Amino acid sequence: MRMKRSYVWLMLAFLGVAALAAAFFCPASTGELAPADEIELAANGVESHASVVTSVEPADPLEFLTSGAVGTESDTEVTVYNRDLALVKEQRKLELKTGVNQVEYTDVAAYIDPTSVMFEDPKSKDTVVLEQNYEYDLVSSYKLLDKFLDKEITVTDEDGNSYTGILLSHDGGVVLKLEDGKVITLSEFSKLEFPDSAGLLTKPTLVWQVYSPVGGSRNVLTSYLTEGMSWRADYIVKANADDTKADIQGWVSVDNNAGTTFEDAKLKLVAGEVHRVFVPQQRYMYDEVVEEEEMVMGATKEAFAEESLFEYHLYTLERPATLKDRQVKQLSLLSADSVPVEKELIFDGSRSDKVRVVLNLENSKDKGLGMPLPAGVVRVYKADSEGQLQFLGEDRIDHTPKDEEVEVVVGNAFDVTGKRIQTDYKRVSDDVWRESYEIQIKNHKSASQAVTIVEHFYGDWEITSSSDDYEKTDAFTAEWKITVPADGEKTVSYTVERRF
């Protein structure tokens, strides 16, 4: 009796293991599979191959998911970097069956880096991608002809005559072998007919083999890096009548050439120099399209929230934005009124014979700014006697942290000129040289002008004599701050000894 019971338990255990194995390895529990060559078109337009266990249902890109596991405001988040790079994060709804599923993940950027793709099922860590293929062999007449070499197609010539046969070649024309064995060449034709699309896709697609331990609807998270996206900052400075204050506006321009549109995305911008390793990527080239530029007006001062990220700065748009393919979108970054500025005239005679006009301002909170400023172009304007704004000049600034000085070179002075003359040169010893210079500044304005004279020295140097007081600003630079009288001139002379 004990032996019979043991035998029964042994059989039950064996059957249990067999059932588990069948559940694990058998493709589906929803009925018999269709033949392998049958293709069912899902409601969402994605081909579902019945022989691959499951169908795929990507989420509506405009749908806001409410799953607690996802927990963000938008399906899509796009983080754009300064130089031709973006990180795309998406939430999509997939219908998975138990076992291995084929997933065609469409609407990805054409310049995606397939090696950067990450996939996560928040509800099940056991859901994994077993295999990934990036398909960019998209539908075109040339691709179809190439795919149908040695297969049957139908060609209609310009007179309306149709020919059905085996395609032998399509280089410079179509060569067909007809049913009766004749071979014909058609250099001109009006229509090509193919039995099917030969498995070609209409847009770049990630094709996954996804294993799921259980079936059901899933909100999966994916992310990838793509080229073709960048952003830049631009600033508008409107100086007041006496050049002591300015109204400042900052804009960011996001350029999307990634090959797809991101609807209602959460937009983030990273300012900083991100190190990258160059790896050539296969790119799918679209037809040339004129870029569209869209400016979003009326944004508030709080349009972007700023925060530190590693050794960079992150700017997050406080509302969703649609980034259309081949579009430059402009968004307000900051706005500050009556920011104190200082106009400075600088003569650096060893580098230029012009007197530069510079606007200086402090990027601090008590001066009306205080946000880390991304690198960009600063354009300066001022109202004329009729109150109309006129363009004065522009300069490019680097990434500027808060509480740092911003120097904008506007242009060269018209009525203030400078001349630098070497008046003496002597070699005192093998390694010592003595030089003398005169710097002459002329002011043709009806008011006196403050001018900063800058001189550069190398090696060990010492100014042994000077007509005016100067300041050694660093190891290689000395500055003289002088005032040139109205309709007058001022000459600064000095002697320097240098040792090498």
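The values are calculated or read from the model by the stated rules, or taken from the named source; none is laboratory data. Keep in mind that what you see is a predicted model, and the values were worked out from it rather than measured. In this analysis, Cβ positions are derived from the backbone assuming ideal geometry, glycine residues included, and neighbour counts consider all displayed protein chains.
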Requested in this report: For residue 368, work out the one condition from (1) in the same structural domain as residue 238 (by TED's automatic domain parsing); (2) buried (at least 18 other Cβ atoms within 10 Å of the Cβ); (3) under 28 Å from the mean Cα position of the chain (by Cα) it doesn't fulfil.
Outcome: (3)
Report summary line: All-but-one check, residue 220 against (1) within 29 Å of residue 94 (Cβ to Cβ); (2) part of a loop (DSSP other than H, G, I, E, B), failing number (2)
Report task. Select from region 467-500 the residues that are within 28 Å of residue 444 (Cβ to Cβ) and among the small types (Gly, Ala, Ser) and write down the one among them that is surrounded by the fewest Cβ atoms within 10 Å (Cβ to Cβ). Result -> 486
Report task. Select from region 376-396 the residues that are under 28 Å from residue 316 (Cβ atoms) and out of contact with any strand residue (DSSP E or B) (no Cβ under 6 Å at 6 or more places or on another chain) and list them in ascending order. Result -> none
Report summary line: Filter region 129-156 for residues that are modelled with pLDDT of 90 or more and β-branched (Val, Ile, Thr); the one that is farthest from residue 188 (Cα to Cα) is 129
Requested in this report: Evaluate region 408-417: report whether one residue or more is among the polar types (S, T, N, Q) and in contact with a Leu (Cβ under 6 Å, 6 or more places away or on another chain).
Outcome: no
Requested in this report: Considering only region 116-155, state which residues are more than 24 Å from residue 87 (Cβ to Cβ), loosely packed, with under 11 Cβ neighbours inside 10 Å and out of contact with any Ser or Thr (no Cβ under 9 Å at 6 or more places or on another chain).
Outcome: 130, 140, 141, 142, 150
Report task. Please go through region 159-178 and pick out each residue that is surrounded by 11 or more Cβ atoms within 10 Å (Cβ to Cβ) and charged (D, E, K, R). Result -> 177
Query - Single residue of region 309-324 satisfying the filter (within 14 Å of the chain's Cα centre (by Cα) and within 12 Å of residue 265 (Cβ to Cβ)) that is surrounded by the most Cβ atoms within 10 Å (Cβ to Cβ) - result: 323
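Okay, residues lined up against (1) outside the structural domain of residue 99 (by TED's automatic domain parsing); (2) of a type in the set (A, V, I, L, M, F, W, C); (3) at pLDDT below 90:
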residue	(1), (2), (3)
172	yes, no, yes
175	yes, yes, no
178	yes, yes, no
183	yes, yes, no
189	yes, yes, yes
209	no, no, no
212	no, no, no
218	no, no, no
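Rundown of residues vs (1) in contact with an Asp or Glu (Cβ under 6 Å, 6 or more places away or on another chain); (2) within 30 Å of residue 389 (Cβ to Cβ), yes/no style:
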position	(1), (2)
220	yes, no
227	yes, no
231	no, yes
249	no, yes
261	yes, no
264	no, no
268	no, no
**Report entry** Subset of region 344-375 [hydroxyl-bearing (Ser, Thr, Tyr) and under 28 Å from residue 316 (Cα atoms)]
**Finding:** 364
Query raised in the report: Among the residues of region 405-413, is any exposed (fewer than 12 other Cβ atoms within 10 Å of the Cβ) and part of a strand (DSSP E or B)?
Result: yes
**Report entry** Of all residues making up region 481-500, the number that are in contact with a Ser or Thr (Cβ under 7 Å, 6 or more places away or on another chain), assigned to a strand (DSSP E or B) and not aliphatic (A, V, I, L, M)
**Finding:** 6
Report task. Report, by residue number, each residue of region 449-480 that is assigned to a loop (DSSP other than H, G, I, E, B), modelled with pLDDT of 95 or more and touching a Phe, Trp or Tyr at 6+ places or on another chain (Cβ under 8 Å). Result -> 457, 467, 468, 469, 470, 476
Report summary line: In region 394-432, residues that are within 19 Å of residue 354 (Cβ to Cβ) and not hydrophobic (A, V, I, L, M, F, W, C) total 12
Query raised in the report: Scanning for something of a type outside the set (Val, Ile, Thr), at pLDDT below 75, under 22 Å from residue 225 (Cα atoms) and not assigned by TED's automatic domain parsing to the domain that holds residue 263, does region 105-128 turn up at least one residue?
Result: no
Query raised in the report: Within region 360-381, can you find the residues that are more than 22 Å from residue 80 (Cβ to Cβ), in contact (Cβ under 8 Å) with a residue 40 or more places away in the chain and touching a Lys or Arg at 6+ places or on another chain (Cβ under 6 Å)?
Result: 363, 381
Query raised in the report: Which ones in region 231-246 are crowded, with 18+ Cβ neighbours inside 10 Å and either without any contact (Cβ under 8 Å) to a residue 24 or more places away in the chain or small (Gly, Ala, Ser) (or both)?
Result: 233, 239, 246
